[in-house]
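Just below is one structure, and these are the notes that go with it.
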Amino acid sequence: MKHKIGVIVGSLREASFSKRFAKNLIELASDEFELEIVPIGDLPLFNEDFDGDKAPEAYNEFRSKMKEKQGFIFVTPEYNRSMPGCLKNAMDVGSRPKGQSIWAGKPGMVISLSQGNMSGFGANHHLRQVLVNLNVPTMPQPEIYLAKVQEMVDAEGNITNPKTTELLQKGLDSYANWFKKLS
Ligand SMILES: Cc1cc2nc3c(=O)[nH]c(=O)nc-3n(C[C@H](O)[C@H](O)[C@H](O)COP(=O)(O)O)c2cc1C
């Protein structure tokens with residue numbers, strides 16, 4: 001049976017580069033893994049009053065889909081030197097109710113990107129900080145930072161730079177080893 005990996009994209013916009021790279025990852029993944037983008041855009045802002053039986057339906061759907069996943073790949077841009085709010089919201093939603101986190105113990109990998117030179121470094125490391133608390137063993141190396149992403153894909157989102165494909169492939173292969181070591 002294939003290992004089920006949830007791909008979480010930290011951008012909601014239609015033409016998102018993060019979304020395009022996430023789709024490329026799905027195509028590059030080996031047959032042993034089944035990668036699926038799990039949408040986070042419909043999750044209402046987390047409110048602790050929703051804990052317990054008052055959870056919005058979107059929380060229930062997200063949590064049950066994520067419970068099936070055995071690991072996670074995050075692809076995110078940076079907003080104001082951190083991860084976008086939609087991503088942090090999804091992290092919080094998945095972490096509750098207390099003791100029923102959908103994240104704990106499942107191997108993770110982080111990819112950050114930007115259209116400028118910064119490659120989402122701030123977002124990448126803020127996310128890693130959150131993942132420590134959520135007990136997601138996150139692959140340390142290779143770190144994957146993608147800068148000037150608009151120069152790496154065409155209008156359809158296909159990767160045009162072979163070095164980018166190589167880097168993503170290396171990341172996925174390393175993640176496969178990381179996943180197997182921990183599972
Ligand atoms: C509110 C906001 C804040 C941003 N802050 C940063 C930033 O701190 N660092 C950065 O490199 N890019 C920043 N950007 C640019 C985005 O990272 C860039 O638009 C990126 O392509 C968005 O990701 P996406 O293409 O997946 O939607 C910001 C964009 C927005 C809308």
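The values are calculated or read from the model by the stated rules, or taken from the named source; none is laboratory data. As the structure is a computational prediction, the values presented were derived from the model and not from experiment. Cβ coordinates were reconstructed from backbone atoms using ideal geometry, including for glycine residues, and neighbour counts include every protein chain displayed.
A few remarks follow.
- For the range 172-183, filtering for residues that are under 14 Å from L35 (Cα atoms) and in contact with a Pro (Cβ under 7 Å, 6 or more places away or on another chain) leaves 1.
- Here the range 43-66 is the region considered, the condition is being of a type in the set (A, V, I, L, M, F, W, C) and in a helix (DSSP H, G or I), and the residue that is nearest to Q100 (Cα to Cα) is M66.
- Test: residue in the range 127-135 that is in contact with a helix residue (DSSP H, G or I) (Cβ under 9 Å, 6 or more places away or on another chain), within 16 Å of the ligand (Cβ to nearest atom), at pLDDT 95 or above and closer than 24 Å to I5 by Cα: yes
- For beta carbons closer than 9 Å, sequence separation of 6+ or different chains, a first residue in the range 14-30 that is touching a residue at least 24 places away in the same chain (Cβ under 8 Å) and a second that is within 12 Å of the ligand (Cβ to nearest atom) and part of a helix (DSSP H, G or I), the qualifying pairs are S16/A22; F17/V149; F17/Q150; S18/V149; R20/V149; F21/V149.
- Single condition S101 does not satisfy, out of (1) outside any helix (DSSP H, G or I); (2) within 29 Å of A147 (Cβ to Cβ): (2)
- Every residue from the range 123-142 that is more than 15 Å from the chain's Cα centre (by Cα), farther than 19 Å from K106 by Cβ and not in a loop (DSSP other than H, G, I, E, B): none
- The range 143-169, residues that are closer than 22 Å to E14 by Cβ, part of a helix (DSSP H, G or I) and free of Cβ contacts under 8 Å to residues at least 12 places away in the same chain: E151
- A residue that is without any contact (Cβ under 8 Å) to a residue 60 or more places away in the chain, within 16 Å of the ligand (Cβ to nearest atom) and within 13 Å of the chain's Cα centre (by Cα) occurs nowhere in the range 59-77.
- Among (1) closer than 26 Å to E143 by Cα; (2) assigned to a loop (DSSP other than H, G, I, E, B); (3) of a type in the set (A, V, I, L, M, F, W, C), the one test that L35 misses: (2)
- Take the conditions (1) at pLDDT below 95; (2) surrounded by 14 or more Cβ atoms within 10 Å (Cβ to Cβ); A155 misses just one of them, which is (2).
- Restricting attention to the range 15-36, the residues that are among the hydrophobic types (A, V, I, L, M, F, W, C), crowded, with 19+ Cβ neighbours inside 10 Å and within 16 Å of the ligand (Cβ to nearest atom) total 4.
- Subset of the range 141-174 [away from the ligand (no atom under 16 Å from the Cβ) and under 12 Å from L25 (Cα atoms)]: T165, E166, L167, Q169, K170, G171, L172, D173
- For the range 78-116, the candidate set comprises residues that are within 16 Å of the ligand (Cβ to nearest atom) and charged (D, E, K, R); within that set, the residue that is nearest to T138 (Cα to Cα) is K88.
- Taking the listed residues E27, E14, the one that is acidic (D, E) and closer than 16 Å to I111 by Cβ is E27, with no other qualifying.
- Scanning the range 160-177 turns up no residue that is within 26 Å of D42 (Cβ to Cβ) and out of contact with any strand residue (DSSP E or B) (no Cβ under 8 Å at 6 or more places or on another chain).
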